[in-house]
Amino acid sequence: MRRFPGLFPRLFATTLAVAAVWSLPGVATAQETGTVTGRVTRQSDGSPLPSITVSVAGTGISTVTGTDGRYTLQRVPAGPQTVAVRQLGYRGAEQTVAVVPGASVTLDITVDVQPVTLAEVVVSGASRVPERVVEAPAAITLVSPGTLRDMSVTGQAPLALSRIPSVDVVQSGIYDFNVNTRGFNSSLNRRILVLQDGRDLAIAFLGSQEWSAFGTALENTGRVEMVRGPGSALYGANAFTGVLNIITPPARDVAGTKITLAGGELETFRGDLRHAGVFGEGRFGYLISGGYNQSDTWSRSRTLLDGTSLRGEYAGATDSVVPLGGELRPLNGEGKDPATGAPTGDHRNLQQIYGVGRFDYYAPGGAILTMDGGATRSTNEVFVTGIGRVQVLESLRPWARTAWAAPRYNVMAWYSGRNSLEPQYSLAAGIPLEESSAIFHAEAQYNRDFAGDRARVVVGASARNYQLDTQTTLMAPENDDRSDNYFAGYAQVEVKIVPQVRLVAAARVDKGDLFEAQFSPRGAIVVSPSPDHSIRFTVNRAFQTPNYSEFFLRAPAGAPANFSLLEAGLRASPLGPALAGVPNGQLFTTSSAVPVLALGNGGLDVEHITALELGYKGQFTNRVFVSVDGYWNRLTDFVTDLLPAVNPDFGAWTSPEQVPQAFRGALEQAVRDQLVAAGQALAAAGLTRLANGATAIVVSYANAGKVNEWGIEFGLDVNVTDEWQLSGGYTFFDFDVKQQQLGDVLLPNTPKHKATATVAYRGRQGFDASAAIRVVDGFPWAAGVFSGYIPARQTVDASAGYAVNNNLRVHVTATNVLDQRRFQIFGGSVIGRRVIGGVTATF
């Protein structure tokens with residue numbers, strides 16, 4: 001591959017050097033510190049409270065209580081300090097303690113239960129700096145820790161998002177998900193930017209997520225924020241309709257050991273281990289974690305020669321007509337009967353192995369230097385793509401990151417790779433596909449308050465390098481084995497005109513080797529008549545670049561077509577004499593094997609979205625939190641799905657030169673008519689000649705379409721009592737197509753109505769339980785080679801757990817409890833019930 005050999009080492013070294021310089025002032029003051037230890041208990045009965053955040057006000061120093069309620073705050077500046085406890089569900093408490101240099105003091109704290117006040121939740125995804133969720137200039141939701149814990153045992157991270165208003169979480173296999181919001185979904189959605197500690201989790205070739213390679217237990221992620229609506233003004237390309245911001249805690253906040261073992265339906269077994277600790281008088285922290293997961297899958301082979309595999313798989317899951325079709329290759333481990341194509345043998349289970357290591361340095365003043373990295377190996381998952389299903393036999397996703405996070409400065413560099421240890425196979429065409437890719441990224445950000453606390457500025461810049469090699473299995477040699485650069489700069493200014501009114505203005509410029517400079521502005525006004533209520537109006541513009549597949553794809557889209565009978569019929573027709581100069585069997589170059597190709601379009605432009613949003617968030621009587629968001633979007637320059645006759649580089653098929661000029665038009669029309677009459681309209685439209693003159697059936701991409709879309713999102717959280725919580729949401733969506741490419745079907749692949757409702761119990765006796773129902777309206781689906789109707793579904797998930805003591809918890813999680821067998825992507829698998837039980841030990 002063509003490389004920038006020293007790019008990432010230089011970025012890594014630069015980050016470390018900057019971090020070292022910024023941490024130097026702490027050396028002189030390190031000895032003027034002490035330690036605060038103590039225990040946090042419940043006021044009503046004196047029982048210990050685990051997982052409670054304890055911090056030193058104004059310093060950035062914090063920790064989390066252990067299972068016995070005890071905590072240790074190290075390297076606390078000497079002198080009087082305020083120690084604060086802030087936790088959802090408990091009334092805040094503050095106490096002052098005199099810290100003695102080089103000594104340890106004890107401070108026990110009691111707190112009282114109070115209803116959860118969501119208005120006080122602090123998020124950072126909307127503005128890239130911490131702020132109360134009620135004041136954020138965007139529609140943003142923090143996934144509850146209980147949901148993260150309950151869904152962690154499944155290994156399916158996107159399921160934790162399914163209860164958020166407007167978010168579409170559609171599933172095919174165990175790990176084949178796409179996450180989208182506010183319409184126009186696809187089989188490989190990349191309109192949501194997914195970040196974990198600032199690191200983009202997308203794969204280079206497709207720009208989409210590979211959830212089978214999500215390399216950590218979900219409950220260990222700490223915080224998961226979902227920003228709905230365009231975010232390119234701060235985050236750049238592919239923050240098109242939202243940003244998923246995943247934040248993991250420092251090692252010192254999770255000191256100790258946690259082990260989870262679980263198993264259940266679909267031959268599921270899962271084991272996760274995390275161990276973290278501190279040393280050097282609390283100046284350093286470390287964390288190691290790893291896990292193994294295996295399960296069966298809902299994916300099935302579709303190799304019947306009569307083309308009825310999908311029809312049989314969907315029997316009972318839909319009343320709609322399912323078209324005929326087939327695949328050449330069965331799932332890994334299976335064979336097929338040569339006479340019928342029926343699969344034989346047993347397919348191999350999915351496996352996932354991951355490992356993560358982290359090292360932290362905690363500088364005085366709250367800054368943290370972090371170096372972490374890891375890798376995930378995953379096998380045998382099947383993904384629905386634009387060219388049909390693809391099975392990844394074995395892939396490795398290594399990554400590394402270094403970051404300096406200070407109250408005013410953030411510097412970060414990271415690397416993310418993907419390697420096909422074994423080929424991934426196009427099941428439709430039966431051919432191996434390779435991918436070896438790497439992304440290198442460096443970014444710096446500065447934020448500062450001024451004019452008292454009435455104004456704040458955030459500025460930043462980033463540089464990124466993509467490297468990609470498919471060994472010509474997915475791209476032509478002239479486009480393969482490539483390296484591309486991408487640069488960006490952004491700024492945001494917030495000003496409080498009066499205490500109740502805040503103005504926000506942001507803008508970003510992105511420029512890459514593959515696209516022209518893009519300008520992404522955002523403006524917002526947030527009006528807060530009281531601290532717990534706000535109304536906002538936002539104007540946004542965002543963009544999405546074509547991915548490498550859309551630019552440069554060159555791969556079979558199916559088995560070659562046999563046009564031998566078509567040629568024989570033409571030779572027997574009145575046009576036969578005109579074919580006398582064409583060798584038999586070569587009317588279509590090789591008439592018995594006309595290739596069916598999916599080809600990219602190097603002339604594609606970026607997609608754009610302009611969005612208007614009006615939203616309200618409010619907390620009532622400490623027990624009810626309400627959010628209402630309405631939006632109107634204008635989307636332009638859609639990149640179409642793979643379609644025939646849309647790329648001008650591939651015009652209509654022309655007759656061979658041996659055919660006399662006078663007969664060429666009639667012959668070409670006759671070929672098209674015969675194909676349409678035989679039910680092969682796609683072949684008729686896509687029949688073309690390649691640059692070398694050879695005949696092929698080509699599907700490709702083009703920019704086309706203009707759509708208006710609008711919707712309303714409603715969310716409600718109610719604390720009925722201190723132990724019982726209810727939450728729910730409803731979303732309405734609609735659209736109007738203003739312009740579309742001939743032959744394209746612009747569908748949002750999104751239901752018009754959907755709703756969720758959750759009831760949760762978190763008791764004092766160690767028992768917790770929750771149940772959630774998600775109701776989704778039926779809707780038509782069209783993406784790539786798959787087009788059909790998605791039936792309505794009502795999915796119920798449930799979970800329960802019991803803390804035997806402070807160190808041991810048993811739990812069970814069930815998804816699709818009622819086993820309502822439905823497919824959520826047309827062409828995807830039929831999803832059934834999955835029940836998993838487990839035990840978690842902490843010490």
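Considering the range 420-449, the residues that are among the acidic types (Asp, Glu) and touching a residue at least 24 places away in the same chain (Cβ under 8 Å) include one that is most open to solvent (accessible area, probe 1.4 Å), namely Glu422. Would you point out the residue of the range 64-101, among those that are free of Cβ contacts under 8 Å to residues at least 24 places away in the same chain and of a type outside the set (Gly, Ala, Ser), that is least open to solvent (accessible area, probe 1.4 Å)? Here the answer is Gln95.
Of the residues Gln824, Gln794, which single one is over 30 Å from Asp68 (Cα atoms), open to solvent by 40 Å² or more (accessible area, probe 1.4 Å) and polar (S, T, N, Q)? None of the other options fit; the residue is Gln794. Scanning the range 490-513 for residues that are outside any loop (DSSP other than H, G, I, E, B) and open to solvent by 30 Å² or more (accessible area, probe 1.4 Å) turns up Ala491, Val493, Val495, Lys496, Ile497, Val498, Val501, Leu503, Ala505, Ala507, Val509, Lys511. Please indicate, with yes or no, whether at least one residue in the range 466-488 is closer than 19 Å to Pro130 by Cα and touching a residue at least 12 places away in the same chain (Cβ under 8 Å). No. Applying a threshold of 7 Å to beta carbon distances and a minimum spacing of six or more residues, or different chains, the list of pairs starting in the range 716-729 at a residue that is aliphatic (A, V, I, L, M) and ending at one that is not in a strand (DSSP E or B) reads Val718/Arg623; Leu726/Val720. Being at pLDDT 75 or above, out of contact with any helix residue (DSSP H, G or I) (no Cβ under 9 Å at 6 or more places or on another chain) and not in a loop (DSSP other than H, G, I, E, B), is that true of even one residue in the range 16-34? Scanning the range 16-34 turns up at least one residue that is at pLDDT 75 or above, out of contact with any helix residue (DSSP H, G or I) (no Cβ under 9 Å at 6 or more places or on another chain) and not in a loop (DSSP other than H, G, I, E, B).
Against the condition within 29 Å of Arg270 (Cβ to Cβ), open to solvent by less than 10 Å² (accessible area, probe 1.4 Å) and modelled with pLDDT of 90 or more, how does Gly242 come out, does it pass?
Numbers: within 29 Å of Arg270 (Cβ to Cβ): yes; open to solvent by less than 10 Å² (accessible area, probe 1.4 Å): yes; modelled with pLDDT of 90 or more: yes.
Spelling it out, Gly242 is indeed within 29 Å of Arg270 (Cβ to Cβ), open to solvent by less than 10 Å² (accessible area, probe 1.4 Å) and modelled with pLDDT of 90 or more.
Hey, among Asp346, Asp337, which residue is over 25 Å from Gly417 (Cα atoms), in contact (Cβ under 8 Å) with a residue 12 or more places away in the chain and of a type in the set (Asp, Glu)?
Testing whether each residue is over 25 Å from Gly417 (Cα atoms), in contact (Cβ under 8 Å) with a residue 12 or more places away in the chain and of a type in the set (Asp, Glu) leaves just Asp346.
Sub-7 Å Cβ pairs linking a first residue in the range 562-590 that is in contact (Cβ under 8 Å) with a residue 40 or more places away in the chain to a second residue that is open to solvent by 50 Å² or more (accessible area, probe 1.4 Å) and aromatic (Phe, Trp, Tyr), at least 6 apart or interchain, are Leu575/Phe663; Ala578/Phe663, ordered by first then second residue. Give the number of residues within the range 340-368 that are aliphatic (A, V, I, L, M) and at pLDDT 95 or above. Number satisfying all stated conditions: 4.
Going through Ala237, Ala276 one at a time, which residue ends up being in contact with a Phe, Trp or Tyr (Cβ under 7 Å, 6 or more places away or on another chain) and in a loop (DSSP other than H, G, I, E, B)? Outline the logic, then answer.
Numbers: Ala276 fails: in a loop (DSSP other than H, G, I, E, B).
Only one candidate qualifies: Ala237.
On the given criteria, is Ala557 within 30 Å of Gly325 (Cβ to Cβ) and within 40 Å of the chain's Cα centre (by Cα)?
Values: within 30 Å of Gly325 (Cβ to Cβ): yes; within 40 Å of the chain's Cα centre (by Cα): yes.
Considered against the rule, which asks whether it is within 30 Å of Gly325 (Cβ to Cβ) and within 40 Å of the chain's Cα centre (by Cα), Ala557 comes out as yes.
I'd like the residue in the range 102-122 that is in a loop (DSSP other than H, G, I, E, B) and open to solvent by less than 70 Å² (accessible area, probe 1.4 Å) and, out of all such residues, is modelled with the highest pLDDT. Applying the filter and picking the extreme gives Leu107.
One line per residue, one yes/no per condition, for (1) closer than 17 Å to Tyr235 by Cβ; (2) among the basic types (Lys, Arg):
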site: Arg132; (1), (2): no, yes
site: Ala136; (1), (2): yes, no
site: Pro145; (1), (2): no, no
site: Arg149; (1), (2): no, yes
site: Val153; (1), (2): no, no
site: Ser166; (1), (2): no, no
site: Gly173; (1), (2): no, no
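When you check Val785 against the structure, is it within 26 Å of Gly558 (Cβ to Cβ), within 24 Å of the chain's Cα centre (by Cα) and modelled with pLDDT of 95 or more, yes or no? Here the answer is no, as Val785 does not meet what is asked. Only one of (1) over 20 Å from Ser420 (Cβ atoms); (2) β-branched (Val, Ile, Thr); (3) outside any strand (DSSP E or B) is not met by Thr472, so which one is it? Only one criterion is unmet by Thr472, namely (1). Per the listing Thr303, Thr376, Thr297, the residue uniquely polar (S, T, N, Q), open to solvent by less than 60 Å² (accessible area, probe 1.4 Å) and in a strand (DSSP E or B) is Thr376. Being open to solvent by 20 Å² or more (accessible area, probe 1.4 Å), at pLDDT 95 or above and farther than 30 Å from Ser232 by Cβ is true of Arg689.
From the list Gly417, Gly452, pick out the single residue that is surrounded by fewer than 21 Cβ atoms within 10 Å (Cβ to Cβ) and within 15 Å of Phe205 (Cβ to Cβ).
Working: Gly452 fails: within 15 Å of Phe205 (Cβ to Cβ).
Residue meeting the stated conditions: Gly417.
Applying the condition of being buried (at least 20 other Cβ atoms within 10 Å of the Cβ) and among the hydroxyl-bearing types (Ser, Thr, Tyr) to the range 621-654 and asking which residue is farthest from the chain's Cα centre (by Cα) yields Ser627. Tell me, yes or no, whether the range 743-752 has at least one residue that is at pLDDT below 90, open to solvent by 10 Å² or more (accessible area, probe 1.4 Å), of a type outside the set (Phe, Trp, Tyr) and assigned to a strand (DSSP E or B). The answer is no, given that none of the residues of the range 743-752 is at pLDDT below 90, open to solvent by 10 Å² or more (accessible area, probe 1.4 Å), of a type outside the set (Phe, Trp, Tyr) and assigned to a strand (DSSP E or B).
The values are calculated or read from the model by the stated rules, or taken from the named source; none is laboratory data. Fair warning: this is a prediction, and the values are worked out from it, not measured in the lab. Note that we place each Cβ from the backbone using ideal geometry, even for glycine, and neighbour counts take in every protein chain shown. The protein model used for the area step is the full one, side chains on, heavy atoms only, and it has no ligands, DNA or RNA in it. Shrake-Rupley method; radii C 1.70, N 1.55, O 1.52, S 1.80 Å.
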